[in-house]
Amino acid sequence: MSSPAPFVGRRGRDARLPPGQYDVGSDYPVLTAEATPNVSSKTWTFTVDGLVERPTSLTAAELRALPRSTWEGDIHCVTTWSKLGTSFTGASLDSVLDLAGVAPSATHALSWSSSGYTTNLPVEDLTGGRAWLVWEHEGRPLTTEHGGPVRMLVPHLYFWKSAKWVAGLRFLDHDEPGFWERHGYHHRGDPWREQRYAGDG
Ligand SMILES: Nc1nc2c(c(=O)[nH]1)N[C@H]1C(S)=C(S)[C@@H](COP(=O)(O)O)O[C@H]1N2
Ligand SMILES: [Mo]
């Protein structure tokens, strides 16, 4: 039996939990700032532009034709819930970025959703097998409320960096804050360094 309590003392604490986080167990909370959009996989596209050699746009069918992989691990929301031992299936963002060719001058990217949500990430957090475009959660199609048909997955950062209903990435030669970052959240958001708000670590 796992404890639902946020603070369970050192003895019962799972080593997979970053500081200040608690385990939601089998729950999967929904956190959405905007109105939930209705995005069809028939019309969904993902655009990579800005500082790239070949601006690229993919349909959902083209994305699904890329090598598929399943990621298993833990996700951490800045509001302090973590979901341990979950899984998502999709394509590594590396294979999409290989098509576009990120320019050496790019340092950051702004990820954007058709619903208006944005979030910024350094290029190193999006490459090297650390980010995915996913369409399945625990073996089932990603539901609309969790970002279906396709969302970003950048699980080593707080989950606000994983945009639901993601529609594109724009590569930039500077850091540009996204939705939560403009509201005082940290630009990078590493849960192990507890980078919740601007100024933390
Ligand atoms: N488009 C969009 N993506 C988003 C959000 C959002 O409000 N809108 N919330 C972020 C936050 S704060 C979290 S914790 C996760 C929540 O994903 P979930 O609702 O599937 O749990 O999505 C992230 N991606
Ligand atoms: Mo979150």
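Values in this text are rule-based calculations from the coordinates and carry no lab data. Quick caveat: nothing in here was measured; it's all calculated off a predicted structure. Cβ placement follows ideal geometry from the backbone for every residue including glycine, while neighbour counts extend to all protein chains displayed.
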Cα gyration tensor category, rounded, prolate or oblate, for the stretch 63-201 with a/c compared to 1.5
oblate
Obtain the nm distance between the two label points defined at ASP94 and TRP192 by a simple spin-label model: each point lies 7 Å from its Cα along the Cα-to-C-beta direction.
1.8
Tell me which of CYS77, VAL96, ALA35 sits at the most positive position along the dipole axis of the stretch 1-131, charges placed on C-beta atoms (Lys, Arg +1; Asp, Glu -1).
CYS77
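Counting Lys and Arg as +1 and Asp and Glu as -1, what is the net charge of the other residues whose Cβ lies under 15 Å from the Cβ of TRP135?
With Lys, Arg at +1 and Asp, Glu at -1, the net is +2.
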The alpha-carbon center of the stretch 175-194 and that of the stretch 54-124 are separated, in whole Å, by 17
Proximal charge balance of VAL39 [Cβ under 11 Å; K/R count +1, D/E count -1]:
+3
For the chain, what is the mean residue ellipticity at 222 nm derived from helices alone (per DSSP H run of n ≥ 4: -39500 (n - 2.57); sum divided by total residues; nearest 500 deg cm²/dmol)?
-2000 deg cm²/dmol
Order by protection proxy (mean Cβ within 10 Å, highest first), peptides 164-174, 33-43:
164-174, 33-43
The stretch 4-96, convex hull of Cα, quarter of hull surface, nm² -> 8.7
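Expressed as cubic angstrom per residue, what is the convex hull volume of the alpha carbon set of the stretch 31-77?
Considering the Cα atoms of the stretch 31-77, their hull volume per residue is 167 Å³.
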Going Cα to Cα from LYS83, which lysines come in below 28 Å? Please leave out same-chain ones fewer than 8 positions away.
LYS161, LYS164
How much net charge surrounds MET152 when only other residues with a Cβ under 9 Å from its Cβ are counted (Lys, Arg +1; Asp, Glu -1)?
+3
